[in-house]
Amino acid sequence: MSPDLLAILAQPAPLVAPHLIGWTLTHHTPHGSVAIELTEVEAYAGESDPASHAWRGPTARNSVMFGPAGRLYVYLSHGLHHCANVVTGPEGEASAVLLRAGRVVAGVDVARRRRGEQVARHSLARGPGNLGQALALTRQHSGAHLFDGGPLVLSPPSRTPAAVSSGPRVGVSRAHDWPWRYWLPGDPTVSAYRRGKTADTQPVPHLPL
DNA sequence: CATCTGATCCGCT
DNA sequence: GCGGATCAGATGC
């Protein structure tokens, strides 16, 4: 990995997240390769973030979040869906960016085989569970390096997106008003916004942008 | 379009 | 034992 990529990813998740829009995650498998250009992500900090898996400190599940940047953190959601994060920040500090949606830019036929033949192209990786399924990710991929020549590869965009919007995070029951969701405005592959259940009592932290 | 529900497993209390 | 960083389909405006 080049030094400038490492410099970007070694920052805390809320700073890295908007820069990941337009990056491409590719998974090479014996059944084919699928590449997804990210259009929507969400930042999750560590012990200071009540919505983060790392909020109550390190556990067996979230240990990857505390590791070095540039690896994948995959978890099983609601017993059904595999959701993927890019681990960011310095080693020892929990920080990750959830990959919420993207556009399939290679391997559309492979992705459709996994998601269903009737699924519209723009919906193949719309939503974190769907993105994980399109890439055939499971918890076995948690901890995988994204820059070591393995089957999972994260590559930067050729040109940076013209504009990135930000707003409240989706579906979380705590601190959902923290504006740590970032997306490509107007893009059809961005998932529908669903507000979290309860009102937000946590103060919004200062964003060092 | 907004809101609700069931499916289904695991991590943590 | 409870609830979740979800999704698709149904129901109600």
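Look through the stretch A:69-88, keep the residues that are within 10 Å of DNA strand C (Cβ to nearest atom) and on the phi > 0 side of the Ramachandran plot, and return whichever of them is most open to solvent (accessible area, probe 1.4 Å).
Looking at the filtered set, the residue picked out is A:His78.
Among (1) open to solvent by 10 Å² or more (accessible area, probe 1.4 Å); (2) within 14 Å of DNA strand B (Cβ to nearest atom); (3) of a type outside the set (Val, Ile, Thr), there is one condition A:Gly92 misses while meeting the rest; what is its number?
Unmet for A:Gly92, out of (1) open to solvent by 10 Å² or more (accessible area, probe 1.4 Å); (2) within 14 Å of DNA strand B (Cβ to nearest atom); (3) of a type outside the set (Val, Ile, Thr): (2).
Taking the stated definitions as given, is A:Ala35 in contact (Cβ under 8 Å) with a residue 12 or more places away in the chain and within 12 Å of DNA strand C (Cβ to nearest atom)?
For A:Ala35, the condition - in contact (Cβ under 8 Å) with a residue 12 or more places away in the chain and within 12 Å of DNA strand C (Cβ to nearest atom) - is not met.
Quick check on my filter: what residues within the stretch A:141-170 are in contact with a His (Cβ under 6 Å, 6 or more places away or on another chain) and within 14 Å of DNA strand C (Cβ to nearest atom)?
A:Pro168, A:Arg169 - these are the residues of the stretch A:141-170 that are in contact with a His (Cβ under 6 Å, 6 or more places away or on another chain) and within 14 Å of DNA strand C (Cβ to nearest atom).
If you check A:Ala94 against the conditions, is it within 9 Å of DNA strand C (Cβ to nearest atom), touching an Asp or Glu at 6+ places or on another chain (Cβ under 8 Å) and assigned to a loop (DSSP other than H, G, I, E, B)?
Answer is yes for this residue.
Out of everything in the stretch A:128-140 that is touching a strand residue (DSSP E or B) at 6+ places or on another chain (Cβ under 6 Å) and within 9 Å of DNA strand C (Cβ to nearest atom), what residue ends up being farthest from A:Arg181 (Cα to Cα)?
This residue is A:Gly132.
Has the stretch A:49-68 got any residue that is open to solvent by less than 10 Å² (accessible area, probe 1.4 Å), modelled with pLDDT of 95 or more and touching a His at 6+ places or on another chain (Cβ under 8 Å)?
yes
Quick one: A:Ala111 ticks every box in (1) under 23 Å from A:Ser33 (Cα atoms); (2) near DNA strand C (Cβ under 9 Å from one of its atoms); (3) in a helix (DSSP H, G or I); (4) not basic (Lys, Arg) bar one, so which box is it?
Looking at each condition in turn, A:Ala111 falls short on (2).
The values are calculated or read from the model by the stated rules, or taken from the named source; none is laboratory data. Bear in mind that the values here come from a model prediction, so they are computed numbers and not experimental data. Positions of Cβ are backbone-derived with ideal geometry, glycine not excepted, and every protein chain shown enters the neighbour counts. Ligands, DNA and RNA are stripped out before the accessible areas are found, and what is left, the full protein with its side chains, is counted by its heavy atoms. Shrake-Rupley method; radii C 1.70, N 1.55, O 1.52, S 1.80 Å.
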